[in-house]
Amino acid sequence: MKTARARGQAVVETALGVTLVVSLVAFGIYLAEIGYLSLKVQEAAISALWDGTAGKMHIIPLTYSKAENSMATAANRAKGRYEDFNGLSSVNAGGITQVFTRGNNLDVRCDMGEGPGFGASFPLLTLIYRDNDGTVCTAGADLTAVRFPRSFLDRGRRALYTKRQLESSGAFLRVCAAGRAVSGTCRGGYAMLVDDWGLAGPVETPTCLIPSQYMPTLPCPNLPFYAAVRAAYEPEALIIPQSASELAEAVLGMPPPINERQFFMSAPGEETNFMQLPPLAEKSGTGIWPTSPGSLVGITTFPYGLSYLKRRGNGNCFLGKDCD
């Protein structure tokens with residue numbers, strides 16, 4: 001007698017396998033989108049951190065609170081650039097919708113006073129150069145599952161599965177640039193010291209000539225730099241003995257024309273070829289006062305002068321190297 005052969009086994013195995021493969025593919029796409037959008041949130045925070053360093057940080061020696069405005073502005077700009085989770089486009093789409101994931105409510109924040117501190121090494125300088133304790137930038141966004149098959153053959157009398165494919169708790173995520181959200185708030189971030197106490201902007205970069213410092217009303221056009229240097233110098237000068245002045249007075253029979261405690265600051269640049277002709281030079285017996293390594297006068301500055309000429313002769317390129 002002929003035995004009946006079983007048929008349809010391959011079709012049944014394929015049907016069962018497809019249910020697993022479809023789930024794996026769907027979850028693969030969903031998790032890949034979450035990973036990609038999470039990196040964009042991190043990128044937004046770091047972008048704000050670095051962009052903020054180009055802003056104004058201080059007005060020497062009056063205030064160092066300008067950094068707070070600069071970092072807040074950088075955070076707002078980064079939020080606008082990454083609103084569509086791109087950063088390279090100018091489209092403010094209010095979010096992005098991918099195959100199974102929607103990203104929106106991206107927020108970037110940079111707070112001052114929460115980063116590493118770096119104060120002045122000399123106590124008296126803390127009155128002039130003050131530390132702002134750095135900044136911390138963070139970002140967060142909401143990721144929601146859309147068009148994702150949450151229920152798949154898990155209902156009815158002949159259901160194959162007893163669990164839902166995607167629970168409601170996993171369909172919404174609050175992702176952060178660093179760490180995890182606590183009570184829906186992103187607290188982790190990236191810290192950086194900001195403000196190198198260097199001169200910045202047109203107010204802090206004018207030339208400071210010695211002759212103008214004989215005028216008490218306007219000792220130097222570069223008042224922020226002048227005030228900071230003088231405030232750092234004079235507390236030290238108070239404890240300097242006047243031995244040199246006393247010796248000169250004993251020889252001359254009168255007070256010397258130059259007070260060793262007198263403060264003069266020279267800060268000229270290329271516009272004066274790094275040289276000055278101060279009235280003070282007439283009393284000291286010298287004709288020219290080189291004030292910067294760029295000067296061509298003086299043996300100690302001569303190598304710097306050659307480098308300066310080389311740079312000028314090569315299109316003002318950095319260190320005299322070939323221009324691109």
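Count charges around G201 for me, please; just the other residues with Cβ under 12 Å from its Cβ, Lys/Arg as +1, Asp/Glu as -1. Taking every other residue near G201 into account, the sum is +1.
Sequentially through the stretch 50-63, phi angles give Karplus couplings (6.51, -1.76, 1.60; θ = phi - 60°) of 6, 5, x, 5, 7, x, 6, 10, 7, 10, 5, x, 7, 9 Hz, Gly and Pro residues having no value and appearing as x.
Taking Lys and Arg as +1 and Asp and Glu as -1, the other residues whose beta-carbon sits under 11 Å from that of T138 total -1. Taking R0 as 35 Å, what's the FRET efficiency between E270 and D107 from their Cβ-Cβ distance, rounded to 0.05? E(calc), rounded to 0.05, equals 0.15. Here the gap between R174 and F263, fully extended at 0.36 nm per residue and compared with their Cα-Cα distance, gives a gain of 26.2 nm. Amide H to amide H, with H built 1.01 Å from N, L106 comes under 5 Å of D142, counting only residues 5 or more places away or on other chains. Could you please report the charge total around R81, scoring K, R as +1 and D, E as -1 over all other residues with beta-carbon less than 14 angstrom from its beta-carbon? Around R81, the charge tally is -2. Each peptide in 204-215, 222-233 receives the mean, over its residues, of other Cβ atoms within 10 Å, and ordering these scores from highest gives 222-233, 204-215.
The phi torsions of the stretch 175-188, fed into the Karplus equation with coefficients 6.51, -1.76 and 1.60 and a -60° offset, translate into couplings of 9, 10, 5, 9, x, 10, 6, 10, 6, x, 10, 7, 10, x Hz, rounded to whole numbers, with Gly and Pro shown as x. Peptide packing for 175-181, 73-79 was compared via the average number of neighbouring C-beta atoms within 10 Å per residue; ordered from the highest value, the list is 73-79, 175-181.
Coordinate-derived values only; no laboratory data. These numbers were taken from a predicted model, which means no experiment stands behind them. Cβ atoms come from the backbone with ideal geometry, glycine included; neighbour counts cover every protein chain shown.
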